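Below: the structure, in structure tokens.
The values are calculated or read from the model by the stated rules, or taken from the named source; none is laboratory data. Everything quoted here is computed from the prediction, not taken from an experiment. Note that each Cβ is placed from the backbone with ideal geometry, even for glycine, and that neighbours are counted across all protein chains shown. Please note that ligands, DNA and RNA were not included when accessible areas were found on the heavy atoms of the full protein model with its side chains. Shrake-Rupley method; radii C 1.70, N 1.55, O 1.52, S 1.80 Å.
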Amino acid sequence: MPLSDEQLQENLRWPRVSKFTLSACAATVAELVTFPLDLTKTRLQIQGEGGSQQHGGNVQPPKYRGMLSTALGIVREEGPLKLWQGVTPAIYRHIVYSGGRMLAYEQLRESVLGRSEDGVFPVWKAVIGSMISGALGQFIASPTDLVKVQMQMEGRRRLEGKQPRVHGVYHAFTKIVAEGGIRGLWAGWVPNVQRAALVNLGDLMTYDTVKHFLLRNTSIPDNSICHGLASICSGLVAAIMGTPADVVKTRVMNQPRDSNGRGLLYKSSTDCLVQSVRKEGFFSLYKGFLPTWFRMAPWSLTFWLTFEQMRRAMGISSF
């Protein structure tokens with residue numbers, strides 16, 4: 001059912017810092033639970049690109065051909081703890097990204113865009129609000145995303161006999177700034193933001209719309225069953241919307257760079273998109289779709305259940 005006027009006013013009065021903190025904590029829990037699937041997805045997406053398949057002048061066939069093969073290969077060759085390589089900057093990213101996007105969306109929904117007179121938030125407003133909040137949160141968090149991707153690939157580089165590029169989060173940040181300046185921290189921010197807008201369109205818009213549709217049109221109460229059903233839908237739609245942009249983003253951010261910070265493989269995200277389709281076919285844009293979906297589904301489920309329960313425990317009305 002729609003929120004009452006009292007609940008709407010309560011949501012607006014609740015300190016923004018508290019809402020930001022709850023979102024960041026829920027995202028941290030979800031990230032820790034599902035991070036190995038993110039690492040698996042990244043390895044699958046990287047292995048087909050031009051710079052990673054050259055060895056002695058010959059093009060090498062892909063080492064991994066599926067999610068399970070990739071995960072088992074990492075455990076066997078690098079150790080089980082390597083499945084969480086890069087989790088620290090990933091958590092830093094979600095503190096900024098998820099905290100920011102959730103706070104921005106709720107403020108847009110309650111104050112800027114506003115609900116209809118019957119208390120319903122129209123789908124078209126949810127689309128606008130989710131894309132704006134996702135793009136804003138991701139732009140701010142782009143430096144941590146860049147570090148996360150680079151750290152995830154270090155284990156693969158060591159096995160290929162290459163020198164490690166980074167030795168930790170701090171070293172990664174300082175190396176990027178030294179090579180490309182402050183602007184280097186936002187390398188690949190365009191596909192980053194594009195992906196975030198699409199993923200949030202699938203995640204926030206779908207969850208908000210499905211949840212309140214269930215509350216208005218079925219007998220399901222506002223509990224974990226309702227939250228779980230809505231989160232499953234949001235994870236699937238987010239994966240479908242975001243995987244192509246995720247592939248482009250990962251390749252642009254992971255490519256080697258010259259002394260001026262310019263990419264050596266791709267001139268832009270559009271160039272990466274064109275090259276990927278031309279050399280590997282359209283479905284190369286959906287490399288890693290299954291691990292993306294298998295990660296987004298439990299990530300969404302963990303995040304939304306945790307987030308809703310934390311809001312309830314803090315005395316804030318349901319999202």
**Study point:** Filter result (farther than 30 Å from residue 211 by Cβ and either β-branched (Val, Ile, Thr) or touching a Cys at 6+ places or on another chain (Cβ under 6 Å) (or both)) within the range 275-319
**Key:** 277
Review point. Yes or no: residue 142 assigned to a helix (DSSP H, G or I), open to solvent by less than 30 Å² (accessible area, probe 1.4 Å) and modelled with pLDDT of 90 or more?
Key: no
Study note, to complete from the structure: Among (1) outside any helix (DSSP H, G or I); (2) modelled with pLDDT of 90 or more; (3) among the small types (Gly, Ala, Ser), residue 261 falls short only on (2)
Practice item. Evaluate the range 58-67: report whether one residue or more is touching a Phe, Trp or Tyr at 6+ places or on another chain (Cβ under 6 Å) and either open to solvent by 50 Å² or more (accessible area, probe 1.4 Å) or modelled with pLDDT of 85 or more (or both). Key: no
Point to revise | Members of the range 266-307 found to be among the polar types (S, T, N, Q) and more than 16 Å from residue 255 (Cβ to Cβ), listed by number | key: 292, 300, 302, 306
Point to revise | Set 71, 90: member being farther than 30 Å from residue 216 by Cβ, in a helix (DSSP H, G or I), at pLDDT below 85 and open to solvent by 20 Å² or more (accessible area, probe 1.4 Å) | key: 71
Exercise for review: Inspect the range 241-252 for any residue being over 17 Å from the mean Cα position of the chain (by Cα) and either assigned to a loop (DSSP other than H, G, I, E, B) or over 19 Å from residue 66 (Cβ atoms) (or both) and give the result as yes or no.
Suggested key: no
Check your understanding: Is it true that some residue in the range 244-260 is farther than 30 Å from residue 177 by Cα and open to solvent by less than 30 Å² (accessible area, probe 1.4 Å)?
Key -> no
Review point. Do you know which residues across the range 289-305 are more than 21 Å from residue 25 (Cβ to Cβ) and open to solvent by 10 Å² or more (accessible area, probe 1.4 Å)?
Key: 289, 290, 293, 294
**Study point:** Selected residue (criterion: most open to solvent (accessible area, probe 1.4 Å)) from residues of the range 264-277 that are assigned to a helix (DSSP H, G or I) and touching a residue at least 24 places away in the same chain (Cβ under 8 Å)
**Key:** 273
